[in-house]
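The structure under discussion appears below in the form of structure tokens.
What follows draws every value from the coordinates through simple rules; no lab data is involved. Bear in mind the structure is a predicted one, so any value in this text is a computation, not a measurement. Cβ atoms come from the backbone with ideal geometry, glycine included; neighbour counts cover every protein chain shown.
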Amino acid sequence: MSDKWTAQKIKQFKGKGRLAALTAHDFSLARLVDAAGVPIILVGDSLGMYAQGNDNTLPVTMDQMVYHTTIVARGVKNALVIADMPFLSYQASDNEAMRNAGRFLKEAHADGVKVEGGSLRAPLIRRMVENGIPVMGHIGLTPQSIHAFGGYKIQGRTHPEAQRLLEDAKALDEAGVFSLVLECVPAALGAEITAAVSIPTLGIGGGPACDGQILVTHDILGLLGDFKPRFVKRYADLGEQVVKTLKQYREEVEQGAFPDAEHSY
Ligand code: KIV
């Protein structure tokens with residue numbers, strides 16, 4: 001049997017164990033994440049911040065996402081590669097959304113797409129799924145709605161808000177998503193949604209009861225400065241190590257210690 005993860009396998013994993021998911025925005029990081037046996041690699045539109053240096057995800061375009069997804073997919077053997085649909089690639093019309101989602105599968109070799117939003121997106125997601133495009137849902141703090149939320153704030157804190165998110169999760173499950181990202185919601189709500197849906201939930205600040213977790217790889221490796229929201233656990237400080245290593249290289253060049261005989265022809 002193939003070791004390749006499919007959307008179907010992820011969906012059927014509900015109740016069987018926990019799933020780790022991470023982002024990758026380029027070939028070399030994708031290879032490393034895949035080599036670590038992580039089942040889901042998201043080409044997140046977070047690349048707008050991590051690869052492009054923007055303040056948020058809104059400026060990311062379809063062409064940029066197709067390019068990044070292509071180079072990630074090239075580095076992956078076993079993980080499921082999911083492409084994030086960027087801001088305004090699916091909101092203007094369902095037909096445009098279908099064509100854009102299709103590009104990720106046709107041109108970029110993604111295995112599926114991620115769409116932000118709840119019940120409002122359910123009819124579109126149903127159409128994508130019925131047409132052979134696996135979809136990962138994403139509710140809670142959906143970063144493309146940052147201006148509507150008035151900042152990066154925990155969602156679902158009040159009873160009506162929590163009820164709405166629960167209804168959103170059920171609507172997306174019903175529409176056919178194979179998994180659902182729960183971003184920045186209280187742990188109790190993460191648990192309630194996880195118990196209410198038939199698909200694996202992936203928490204990012206969604207609490208320990210979620211069926212799995214998803215984080216930005218740069219955050220857990222400490223590759224991007226001091227950005228460390230509460231839901232991130234920093235497993236390494238590679239950023240510091242990289243600067244230290246590059247400094248050593250610079251000093252050796254400046255001092256004439258590199259290249260030595262071993263590194264010369
Ligand atoms: O863009 C992103 O990286 C995401 C997260 C869920 C990690 O959407």
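Summary table
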| read-out | value |
| --- | --- |
| Relative contact order %, the range 96-202, counting alpha carbon pairs below 8 Å whose residues are six or more apart | 27 |
| Förster radius 35 Å - calculated FRET efficiency between H263 and T6, Cβ distance, rounded to 0.05 | 0.20 |
| Length-normalised contact order of the range 8-127 in % [C-alpha pairs under 8 Å, at least 6 apart] | 23 |
| Under 14 Å, Cβ to Cβ, from L202 - net charge with Lys/Arg +1 and Asp/Glu -1 | -1 |
| Residue-count net charge about K228 - beta-carbon cut-off 10 Å; Lys, Arg +1, Asp, Glu -1 | +1 |
| Phi-based couplings in Hz for the range 139-151 (Karplus 6.51, -1.76, 1.60; Gly and Pro marked x) | 10, x, 7, 8, x, 5, 9, 3, 6, 5, 6, x, x |
| Burial ordering of M98, M62, M136, fewest other beta-carbon atoms within 10 Å first | M98, M62, M136 |
| Anisotropy class of the range 18-99 from Cα gyration tensor, a/c 1.5 cut | prolate |
| Proximal lysine pairs, the chain, alpha carbons under 18 Å, eight or more residues apart or interchain | 12 |
| Total formal charge among the other residues, if their Cβ is under 12 angstrom from that of M128, Lys/Arg +1 and Asp/Glu -1 | +3 |
| Residue with peak Gaussian network fluctuation, the chain [Cα springs, cutoff 10 Å], from G37, G48, G207 | G37 |
| Extension reserve of the L88-D63 stretch, reckoned as 0.36 nm per residue once the Cα distance is removed | 7.8 nm |
| Rounded, prolate or oblate (a/c below 1.5 giving rounded, otherwise prolate when a/b exceeds b/c) for the chain by Cα gyration tensor | prolate |
